[in-house]
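S.K.: To start, I am sharing the structure in question, which I have written as structure tokens.
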Amino acid sequence: MATTPSMDEYRQILKSRDEHVRESWIKAMEARLVREELQKCYRGEGVNHLQNCKVLAEKYAGMIRDNKVKGYKQIDTEMP
């Protein structure tokens, strides 16, 4: 049986929730910037894009794997 959080606890929950959502959006926007740079590289390099843009492609692949935007419901279940 869960108890109802006090007003201060509720404010703290909302604050931490907002911080998590903000951080996940920042990471998502960083991935978007890397994707745009990767697109520019692909267009600029032409047939050699696989070799010359490999670093950006690997960075972007890692970012989209790790930097997914999480909604507040997932964050609440992860919190102790």
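S.K.: Extending each Cα 7 Å along its Cβ direction at V21 and N52, get the distance between those two points in nm, one decimal.
M.R.: About 4.2 nm separates the two model spin labels.
S.K.: Also, I was wondering about something else. Note down the accessible area of K68, probe 1.4 Å, to the nearest 10 Å².
M.R.: Counting only protein heavy atoms, the figure is 130 Å².
S.K.: Another question about this same structure. Taking a 1.4 Å probe, which of L38, L50, L33, L56 shows the most accessible area, and what order do the others take after it? Walk me through the numbers on the way to the answer.
M.R.: Values: L38 15, L50 130, L33 105, L56 50 Å².
If we order L38, L50, L33, L56 from most to least accessible, we get L50, L33, L56, L38.
S.K.: With a 1.4 Å probe and all protein chains kept in place, how much accessible area does E37 have, in Å² rounded to the nearest 10?
M.R.: Around 90 Å² of this residue is reachable by solvent.
S.K.: Quick one: length gained pulling Q39 to R65 fully straight, 0.36 nm per residue minus the C-alpha distance? Don't skip to the end; give the middle numbers.
M.R.: Working: separation 26, 0.36 × 26 = 9.36 nm, distance 1.82 nm.
So the extension gain works out to 7.5 nm.
S.K.: Rounded to the nearest 10 Å², what accessible area does E30 have for a 1.4 Å probe in the complete protein model?
M.R.: 90 Å²
The values are calculated or read from the model by the stated rules, or taken from the named source; none is laboratory data. These figures come from a predicted structure and were not determined experimentally. Methodologically, a virtual Cβ is constructed for each residue, glycine included, from the backbone with ideal geometry; neighbour enumeration extends over all protein chains shown. Keep in mind that these areas ignore ligands, DNA and RNA; they rest on the heavy atoms of the full protein, side chains included. Shrake-Rupley method; radii C 1.70, N 1.55, O 1.52, S 1.80 Å.
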